[in-house]
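Here's the structure we're looking at; comments come further down.
Every number in this text was worked out from the coordinates using simple rules, so none of it is lab data. Note that the structure is predicted; figures quoted are calculated from it, not measured. Backbone-built Cβ (ideal geometry, glycine too); neighbour counts: all protein chains shown.
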Amino acid sequence: MKKFIFSIVIAAGFLLGLPSCSGFLDKVPTDSVVAESAMATLADAQVVANGLYTGLKYYTVYGTNIPYMGDLRGDNLYPVNNSGSGATIYKFGYESIQSTYFTMWQYYYITLNKANSLIENIQTLEVESSEDIATKNDILGQAYAVRALCHFDIARLYGYPYLKDNGASWGAVIAKEVLSPSEARVPRSTVAETYTAVEEDIALALPLLSKEKNNGHFNYWAAKMLQARVALYKGDWSTAYSASTEIISNSPYRLASTSEYLAYWGVEGDLESVLELIVTNTGDIDSDGGFYTIYHDMWFEDKGAGSDIIPTKKWRSLFENTPNDVRAQWIQYDDPNGPYKQTGEYWLKKFIGNKDRGYTFRRNNPRVFRITEAYLIAAEAALELGKQSDADTYLHAVRYRADNTATQVSATLDLIQEERQKEFIGEGHRFFDVMRRGGTIVRDLNYDPRDFAGPQEITWNDHRVVLPISSSERTIYPELQQNPGYKD
């Protein structure tokens with residue numbers, strides 16, 4: 001059996017507390033790596049497919065780190081206190097000696113190896129009925145799609161925006177097979193090469209995946225959403241437009257109505273959720289129910305809540321001229337004489353917990369893709385393609401959903417970006433949305449005294465736009481190129 005890429009993934013001989021020789025289909029946990037002869041049934045393969053999402057859904061990636069990198073580095077959220085890891089990220093204070101910010105790289109490569117082992121080993125599973133063939137293909141398609149997502153995220157976290165230099169900066173180490181430690185001494189590819197690898201895997205995934213809803217897993221529509229997002233970041237407007245409009249026209253997902261929208265955030269796998277990662281009581285989660293997630297840090301209506309992260313004055317001010325926008329109800333004032341934390345701050349009451357399952361605010365499922373994003377990608381791509389009427393229509397659908405008194409306006413890039421900023425707070429988009437088009441993140445103490453990182457302006461020319469490669473990682477793996485501006 002081949003081994004994990006320990007020099008890329010994590011310290012040799014250790015993987016989530018397990019020895020490196022653990023079997024791919026070990027039942028506890030359900031997401032280890034399998035020997036070539038161990039995949040006996042489709043049920044085994046489905047267990048492995050479930051495990052592809054484990055490292056993505058908790059604080060390691062989408063539960064905390066992706067929202068931190070998108071919203072704390074952007075201008076949607078900031079920490080209450082000028083200390084801790086959240087404050088360091090907010091202030092762009094990370095350095096290569098701080099291995100904390102390298103954990104995403106590690107967990108993405110853990111997931112990549114799971115996907116690669118599944119891809120390699122499912123080929124040996126013999127099935128005969130058309131139903132079983134479709135199931136096998138769907139599982140294989142999920143593995144390709146997860147592999148594409150991981151490579152894409154690595155490129156946007158550790159590489160410069162594609163449109164800055166047409167993808168010439170360092171991106172991911174492209175991992176399309178399970179490699180032994182001796183084989184793993186591979187340098188990083190460029191962002192452009194990484195995007196090509198992503199596009200290739202999406203193309204492989206799409207014809208294999210089911211178009212039925214598959215809560216917590218990639219299906220055809222989630223892979224199409226990834227295709228649309230990748231094209232948006234790349235400036236491939238035709239692909240972004242065709243992929244996003246196909247989802248809008250043909251998928252089983254729809255925008256929540258104005259009256260449904262606030263409650264949507266408390267219902268698992270509901271309405272808009274094209275890919276929602278499922279967190280359960282029986283899953284691999286912290287003993288206190290998810291303490292180490294951004295949802296804990298943003299909450300205040302509980303004495304045990306983290307109460308560490310609040311929406312910025314800039315984000316709150318977006319609703320000053322749209323008082324009927326239902327999203328303004330996410331802004332919750334904590335009265336110093338009131339029943340909660342008595343902080344006198346404004347908090348974000350968006351992620352209310354999976355109420356349909358009786359969970360508290362600590363049990364929120366990260367939404368990786370929502371159909372709302374398809375509408376706003378379609379609007380932006382249509383605008384770039386000269387389809388003004390289409391851009392107007394897709395933008396209005398989202399604005400009207402949030403505020404049923406809104407009238408249709410002529411779409412502009414600024415209006416689309418403003419709508420994305422309103423809509424996706426806490427979901428990890430904002431910083432990437434600004435940087436992918438060469439914009440500027442502004443921190444201004446004169447405008448907002450709570451903006452303690454100011455005065456500051458961040459553009460895609462700043463080396464801190466990309467995360468550093470851990471200096472300790474480069475000690476054991478010197479072939480891994482460091483990003484410019486960081487010292488080992």
Using amide H atoms built 1.01 Å from N in the peptide plane, name the residues 5+ places from I469, or on other chains, whose amide H lies under 5 Å from its own. N483
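What length, rounded to one decimal in nm, is gained on full extension from N324 through to A263, with 0.36 nm per residue of separation minus their alpha-carbon distance?
Length gained between N324 and A263: 20.3 nm.
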Mind pulling the angle between the C-alpha long axis of helix 413-423 and the longest principal axis of the chain? Nearest 10 degrees, somewhere in 0 to 90. 80 degrees
Based on the mean of other beta carbon atoms within 10 Å per residue, what is the order of 77-83, 428-434, 190-196, most packed first? 428-434, 190-196, 77-83
Measure nothing fancy, just the Cα-based angle from helix 237-250's long axis to the longest principal axis of the chain, in degrees from 0 to 90, nearest 10. 90 degrees
With labels modelled as points extended 7 Å from the Cα through the Cβ direction, what inter-label distance (nm, one decimal) is found for N166 paired with D488? 3.1 nm
Under-5 Å amide H pairs with V173, H placed in peptide plane, nonlocal only: S189
Sort segment 294-364 into rounded, prolate or oblate with this rule: let a ≥ b ≥ c be the square roots of the eigenvalues of the Cα gyration tensor; rounded if a/c is under 1.5, and if a/c is not under 1.5, prolate when a/b is larger than b/c, oblate otherwise. oblate
Using only the alpha-carbon atoms, how far is helix 371-384 inclined from the longest principal axis of the chain? Give it as 0 to 90 degrees, nearest 10. 80 degrees
Under the Karplus relation 6.51 cos²θ - 1.76 cosθ + 1.60, θ = phi - 60°, what is the ordered set of whole-Hz ³J(HN,Hα) values for segment 69-86, x standing for Gly and Pro? 5, x, 9, 6, 6, x, 10, 9, 10, 9, x, 5, 10, 8, 7, x, 5, x
Efficiency of FRET from Cβ geometry, Y400 and T459, R₀ 45 Å, rounded to 0.05: 0.85
Using the number of other C-beta atoms within 10 angstrom as an exposure proxy, rank T407, T111 with the fewest first. T407, T111
Given charges of +1 on the Cβ of Lys and Arg and -1 on the Cβ of Asp and Glu, with all other atoms neutral, how large is the dipole of the chain about its Cα centre, in debye to the nearest 20? 620 debye
Where a ≥ b ≥ c are root eigenvalues of the Cα gyration tensor, a/c under 1.5 meaning rounded, otherwise prolate if a/b exceeds b/c and oblate otherwise, the chain counts as rounded
Taking Cα pairs under 8 Å and at least six residues apart, what relative contact order does segment 75-183 come out at, in percent? 25 percent
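Please say if segment 358-488 is rounded, prolate or oblate, where rounded means a/c under 1.5 for a ≥ b ≥ c the square roots of the C-alpha gyration tensor eigenvalues, and otherwise the choice is prolate for a/b larger than b/c and oblate otherwise? If you can, show how the numbers build up before the last one.
Details: a/c = 1.83, a/b = 1.72, b/c = 1.07.
Judged from the Cα gyration tensor, segment 358-488 comes out prolate (a/c at least 1.5, a/b above b/c).
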Each residue of segment 325-332 in order: what ³J(HN,Hα) in whole Hz does its phi give by Karplus 6.51 cos²θ - 1.76 cosθ + 1.60, θ = phi - 60°, with x for Gly and Pro? 5, 4, 5, 4, 6, 5, 7, 10
From the phi of every residue in segment 436-444, what ³J(HN,Hα) in whole Hz does the Karplus formula 6.51 cos²θ - 1.76 cosθ + 1.60 yield, where θ is phi - 60° and glycine or proline is x? 5, 10, x, x, 10, 8, 10, 10, 9
Given H placed 1.01 Å from N in the peptide plane, which residues other than close sequence neighbours of V274 have an amide H under 5 Å from its amide H? F369, R370, I371
Summing -39500 (n - 2.57) over every DSSP H run of at least 4 residues in the chain and dividing by its residue count gives a helix-only mean residue ellipticity at 222 nm, to the nearest 500 deg cm²/dmol, of -11500 deg cm²/dmol
